[in-house]
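I have placed the structure first, in the form of structure tokens, so that the comments after it can refer back to it.
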């Protein structure tokens, strides 16, 4: 018998969710043996009538959802050589887990440390200003998303997205991510979850090798035949024979992109965006979004877009109740990003305020021109901040008037590695500065107070997405080299945790199909 489903069920923000069960039983005219929330979102269009909107399912009989049956590789098809997964971000981890579900044992190679050691290295960088170029906010177990807000909403749709959320719950995520309209995990939950994933990969027969750098690979007859790795602890090199390698390398693996180009793998330029981080008081954002009842609700977020005269600007990766963090992975550069814990209980809100970078902004048609563009801005930010990894900062009011700031107002920067007042015209190209100025004015008209004078801008936000795409075909393999599977955000096929994880699962399924067809 089909479950009963009710959509559009409204509940005022100060009413308990237990009332939803009463609604279900009223519809059934009897006790419910099964009840669940399918979807929950906040309707804040009328600040005098804030309410949640639910979709609920229920029945008078017990209900047990069926788990997806995943076909496993028969023993006679088991590959003799290891499947190597390079990178342990969402794409790499979910690929490895899906391969195990399919009966294929992977070897995960990660240049950075495990998440516990990675957190220590990030803290050490803030304290000493000595950067570990392989253990930082970009590199290490869990990928860049582990030290972020952990947003799980995505612009892509499909069955894999639901599987991603269910997998996160299996490894310790709060169950509410299955029904919230804007689910998030927070960096505190993500650290625990990726550790659980790693332990399960190992328990099920896979391998995870940290502090291990991919340095080269070989090929025979148009197919990858081995990868060469180096231990960053001992310097020892090892060659792993394999016919299947997943490149889930993340958007900041610049040395690997250079190696791909050097070895003739087809890669191409990809447009991305750059800009600054903007900080406000979280209470002001929540009040602007929800009105005087904001204290009864979780910290508010926002998403703003402005179409200026030459190029669009928009907010990205908004972190309610979060902090701005040092996210460089190369010495001599400053990169900022945002991070929140699950509770989102810090004083400030922050978001990337960014504008489109167009191909004509690059110096050449070279596939790696976008990387050169990013590096130039990151070096500008490093010098503008004083050359010790402090972030250059400027108040919004001064930015709009082209003058250097001298003192903070009510809003204090949260960037932990220090700040220095600077003119952002020394950091960003004129076209980006113009777009951000136009955007601030337009966005302030949509959310009053967004361009308040003492809101804090810090720079530079340059790692919003990969500047490179590793070209792949419908079989998910490189168009240049069989057995090489570009995967996730770094390869140019995802834009966040959920889409990267989903792409990892898709690649794992493509590998399974290849083994089923070819043995």
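Cβ separations smaller than 7 Å between residues 6+ apart or across chains give the following pairs from region 5-34 residues that are in contact (Cβ under 8 Å) with a residue 60 or more places away in the chain to residues that are surrounded by 14 or more Cβ atoms within 10 Å (Cβ to Cβ) and in a strand (DSSP E or B): 13/51; 13/52. Can residue 214 be described as in a helix (DSSP H, G or I), crowded, with 19+ Cβ neighbours inside 10 Å and at negative phi? Taking the combined requirement at face value, the residue does not satisfy it. Filtering 224, 249, 240, 201 for residues that are part of a helix (DSSP H, G or I), within 15 Å of residue 84 (Cβ to Cβ) and either assigned by TED's automatic domain parsing to the domain that holds residue 138 or under 20 Å from the mean Cα position of the chain (by Cα) (or both) leaves a single hit, 201. Between 24, 96, the distinction of being surrounded by 15 or more Cβ atoms within 10 Å (Cβ to Cβ), assigned by TED's automatic domain parsing to the domain that holds residue 476 and in a helix (DSSP H, G or I) belongs to 96 only.
Hey, any hits in region 66-86 for a residue that's assigned to a strand (DSSP E or B), within 21 Å of residue 159 (Cβ to Cβ) and in contact (Cβ under 8 Å) with a residue 24 or more places away in the chain? Before you say what the answer is, go through the steps one by one.
Applying the first criterion (assigned to a strand (DSSP E or B)) to region 66-86 yields 83-86.
Retained after the next criterion (residues that are within 21 Å of residue 159 (Cβ to Cβ)): none.
Scanning region 66-86 turns up no residue that is assigned to a strand (DSSP E or B), within 21 Å of residue 159 (Cβ to Cβ) and in contact (Cβ under 8 Å) with a residue 24 or more places away in the chain.
Evaluate region 171-181: report whether one residue or more is modelled with pLDDT of 95 or more, outside any helix (DSSP H, G or I) and under 20 Å from residue 491 (Cα atoms). There is no residue in region 171-181 that is modelled with pLDDT of 95 or more, outside any helix (DSSP H, G or I) and under 20 Å from residue 491 (Cα atoms).
Confirm whether residue 428 is modelled with pLDDT of 95 or more and not assigned by TED's automatic domain parsing to the domain that holds residue 279. When the stated conditions are applied, residue 428 does not pass them. Residues that are over 16 Å from residue 92 (Cα atoms) and not in a loop (DSSP other than H, G, I, E, B) within region 137-153 comprise 147, 151, listed in sequence order. Can you find, within region 1-20, the residue that is farthest from residue 45 (Cα to Cα) among those that are under 35 Å from the mean Cα position of the chain (by Cα) and in a helix (DSSP H, G or I)? Within region 1-20, the match that is farthest from residue 45 (Cα to Cα) is 18. Inspect all residues belonging to region 492-511 and state whether any of them is in contact with a helix residue (DSSP H, G or I) (Cβ under 9 Å, 6 or more places away or on another chain), in contact (Cβ under 8 Å) with a residue 40 or more places away in the chain and not in a helix (DSSP H, G or I). Yes, that holds for at least one residue. Just checking, does region 365-381 include any residue being outside any helix (DSSP H, G or I), surrounded by 16 or more Cβ atoms within 10 Å (Cβ to Cβ), in contact with a helix residue (DSSP H, G or I) (Cβ under 8 Å, 6 or more places away or on another chain) and assigned by TED's automatic domain parsing to the domain that holds residue 324? Yes, that holds for at least one residue.
Highlighted here are the strands (runs of 3 or more DSSP E) found entirely within region 305-344 that include at least 3 residues which are crowded, with 19+ Cβ neighbours inside 10 Å and under 17 Å from the mean Cα position of the chain (by Cα): 312-319, 323-326, 336-339. If we scan region 454-476, do we find a residue that is in a strand (DSSP E or B), at pLDDT 95 or above, touching a strand residue (DSSP E or B) at 6+ places or on another chain (Cβ under 7 Å) and surrounded by fewer than 23 Cβ atoms within 10 Å (Cβ to Cβ)? The answer is yes, given that some residue of region 454-476 is in a strand (DSSP E or B), at pLDDT 95 or above, touching a strand residue (DSSP E or B) at 6+ places or on another chain (Cβ under 7 Å) and surrounded by fewer than 23 Cβ atoms within 10 Å (Cβ to Cβ).
Filtering region 110-130 down to residues that are within 20 Å of the chain's Cα centre (by Cα) and not in a helix (DSSP H, G or I), which residue is nearest to residue 243 (Cα to Cα)? Filtering first and then ranking leaves 110.
For region 256-292, residues that are in a helix (DSSP H, G or I), in the same structural domain as residue 424 (by TED's automatic domain parsing), buried (at least 20 other Cβ atoms within 10 Å of the Cβ) and in contact with a helix residue (DSSP H, G or I) (Cβ under 7 Å, 6 or more places away or on another chain) total 1. Do we have residue 146 as surrounded by 24 or more Cβ atoms within 10 Å (Cβ to Cβ) and in the same structural domain as residue 212 (by TED's automatic domain parsing) here? Criteria met by residue 146.
When you look at residue 234, is it assigned by TED's automatic domain parsing to the domain that holds residue 86 and in a loop (DSSP other than H, G, I, E, B), yes or no? Yes: the conditions hold for residue 234.
Among the listed residues 444, 398, 402, which satisfies the condition of being in a loop (DSSP other than H, G, I, E, B), modelled with pLDDT of 95 or more and farther than 17 Å from residue 316 by Cβ?
Exactly one residue qualifies, and that residue is 402.
The values are calculated or read from the model by the stated rules, or taken from the named source; none is laboratory data. Not measured: the values here are computed from a predicted model. Reconstructed Cβ throughout: ideal geometry from the backbone, glycine too, with neighbour counts over all protein chains shown.
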